[in-house]
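Read through the structure below, which is laid out as structure tokens, and then see the notes.
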Amino acid sequence: MSAFPTITLCMIVKDEAHCINSCLESVKGLASEIIIVDTGSSDQTVEICEDHGAKVYSYKWKNDFADARNYGLSLSTGDWILWLDADEELDASTKLKIPEALANTNAHLLSLPVLNYYGKSTPVDKNNAYLIHQLRLFRNNKDITFHNRIHETPLLTPDITVKDIESIPVPIHHYGYLQDLVDMKQKGQRNIELLEQELSDSTHSPWVEYHLASEFYRQGKYQQAFYFVNQSILLFLQQSQKPPSLLYKLKYAILIETNSLDGAWPSIEKAILLYPDYVDLYFYKGYILYKMENYTEALQAFEKCLELGDHHTEHLILKGSGSFKAWRYKGMCLEQLGRLVEAHEAYLYEENIKIN
């Protein structure tokens, strides 16, 4: 009998033949059970899953990702649930840390770093990624289920506290935001339609507005994106909740993308007061000041980025905002200030970090 707890991989899929093999290969030797909920594939997805020993169950799609995931949970027998999407892979070099972590934890849920790559297509530039930590492993406790029609997450029971959640350094590589895959799956329009259904519910969460803003931002529809991110911030405040940090990240990303520097400065200082450890806000501050030709204060902002680093697990982080990207802009500021030797050293630091 294994000394380690057993793991069930739970997934929902539809027409994932282009990527599902890589995903399932990444959990080989880790998951003792694979539960696949298929929502109507017409390609070779089911056959590929069965070749990996998966149990595949047909499911009538109800425009509700949480419902589909919960159906998979009801069929799972492992001690722990690992949930992935077909366009994700567990990191090959670190995945075997998971069994030992499960055997030695008292936590109910484990958070894993998710690297969301951006760009046009594979192969990806590993430096082009957003990092966020998500709850991806949890005990197979029927009290823990998914909620939200889209962008579903495990619903925590009232008795679960911070001490019941731990983080382990096993990255998940997510390729689903690459433009070729977004276009092929027509994810943007599908997501907007589902989010608009959520929006019609008067009791919906302010996260719905945030996710709508994100979808419009990815489509380059910045006016709609800016409206919904501000609505999300307002709704959180009306519920006496501090708006999550990634709302401010998106707000200032939109203002930078539209070159609305007057709208971004100095108001970003208020966001930094709310989240003084959020490196991306300092990076945006530095970028805004650089574009405004205030190189001295921009330099200070990028130095703060390097002080903070980009390893804060509670925020959505642009990879490099606290390391190589900050070194690059530090060098650019130093160059503008005539400090050419220091600028050259900064560029060398940038390249060394990117290589390593």
Taking springs between alpha-carbon atoms closer than 10 angstrom, which of Asn141, Asn191, Asn128 fluctuates most in the Gaussian network model of the chain? Asn141
Local charge sum around Val208 (other residues, Cβ-Cβ under 12 Å, Lys/Arg +1, Asp/Glu -1)? -4
Over the alpha-carbon set of the range 1-89, divide Rg by the Kirkwood Rh and report the Rg/Rh ratio to two decimals. 0.95
Return the Cα extents of the range 1-154 along principal axes one, two and three, sorted largest first, each rounded to a whole Å. 39, 38, 31
Cα→Cβ-extended label distance, 7 Å offset, between Lys354 and Asn141, nm: 4.5 nm
Carbon + sulfur, % of accessible area of the chain - ligands and nucleic acids excluded, 1.4 Å: 51 percent
What does the charge count near Lys95 come to, summing +1 for each Lys or Arg and -1 for each Asp or Glu among other residues with Cβ under 10 Å from its Cβ? 0
Centroid-to-centroid separation of the range 60-124 and the range 178-236 [C-alpha atoms, Å]: 23 Å
Label points 7 Å out from Cα along the Cβ direction at Glu303 and Ala103: separation in nm? 4.9 nm
How high is the relative contact order of the range 1-124, given as a whole-number percent (alpha carbon pairs under 8 Å, six or more residues apart)? 35 percent
Across every pair of different alpha-carbon atoms, what Kirkwood hydrodynamic radius in Å does the range 208-324 reach? 14.4 Å
Ratio of Rg to Rh over the chain (Cα coordinates, Kirkwood Rh, two decimals): 0.98
Cβ-placed point charges (K, R +1; D, E -1), dipole of the chain about Cα centre in debye, nearest 20: 400 debye
Residue-wise, which Karplus ³J(HN,Hα) couplings in Hz belong to the range 129-137, taking 6.51 cos²θ - 1.76 cosθ + 1.60, θ = phi - 60°, and x for glycine or proline? 7, 10, 10, 9, 9, 10, 6, 10, 10
Spin-label model distance (nm) - Lys242 vs Ser93, 7 Å beyond Cα toward Cβ: 3.4 nm
Sequence-distant or interchain residues sharing an amide H contact under 5 Å with Gly322, placed H: which? Asp310
In the full protein assembly as shown, how much of Arg328 is accessible to a 1.4 Å probe, in Å² to the nearest 10? 70 Å²
Taking 225-236, 240-251, 54-65 and ranking on average Cβ neighbours within 10 Å, highest first, one gets 225-236, 240-251, 54-65
I need two numbers for the range 271-356: Rg to one decimal and Dmax as a whole number, Cα atoms only, in Å. 12.3, 37
In deg cm²/dmol and to the nearest 500, what is the mean residue ellipticity at 222 nm of the chain if only DSSP H runs of at least 4 residues count, each as -39500 (n - 2.57), divided by the residue total? -13500 deg cm²/dmol
Could you provide, to the nearest whole Å², the per residue accessible area of the chain with probe 1.4 Å? 49 Å²
Would you mind checking which residues have amide H under 5 Å from Asn127's amide H? H placed 1.01 Å from N; only 5 or more apart, or other chain. none
Once fully extended, how much extra length lies between Leu340 and Lys120, figured as 0.36 nm per residue of separation less the alpha-carbon to alpha-carbon distance? 75.7 nm
Evaluate the charge dipole of the range 207-325 about its Cα centre and quote only its size in Debye, nearest 20, assuming +1 on the Cβ of each Lys and Arg and -1 on the Cβ of each Asp and Glu. 240 debye
FRET efficiency for Glu193 and Ser22, Cβ-Cβ distance as r, R0 = 35 Å, nearest 0.05? 0.80
Over the chain, with a Gaussian network built from C-alpha contacts below 10 Å, which listed residue (Met11, Met332, Met292) shows the highest mean-square fluctuation? Met292
Please go through the range 104-154 and write out the trypsin sites (Lys or Arg not before Pro) that DSSP classes as loop and that have at most 11 other C-beta atoms within 10 Å. Lys120, Lys126, Lys142
Is the shape of the range 83-207 best called rounded, prolate or oblate, per the rule: a/c under 1.5 gives rounded, else a/b larger than b/c gives prolate, else oblate, with a ≥ b ≥ c the square roots of the Cα gyration tensor eigenvalues? oblate
Where the only charges are on Cβ atoms (+1 Lys, Arg; -1 Asp, Glu), what is the dipole of the range 130-173 about its Cα centre, to the nearest 20 debye? 120 debye
Starting at the first residue of the range 141-156, write each ³J(HN,Hα) from the Karplus equation 6.51 cos²θ - 1.76 cosθ + 1.60 with θ = phi - 60°, in whole Hz, x for Gly and Pro. 10, 4, 7, 9, 9, 8, 9, 5, 4, 9, 6, 5, 9, x, 8, 7
Set Lys and Arg Cβ to +1 and Asp and Glu Cβ to -1, take the dipole of the chain about its Cα centre, and tell me which of Leu137, Leu281, Ala264 lies farthest positive. Ala264
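The values are calculated or read from the model by the stated rules, or taken from the named source; none is laboratory data. These numbers come from a predicted model, not from an experiment. In this analysis, Cβ positions are derived from the backbone assuming ideal geometry, glycine residues included, and neighbour counts consider all displayed protein chains. Each accessible area value is taken on the protein alone, full model and side chains, heavy atoms only, with ligands, DNA and RNA left out. Shrake-Rupley method; radii C 1.70, N 1.55, O 1.52, S 1.80 Å.
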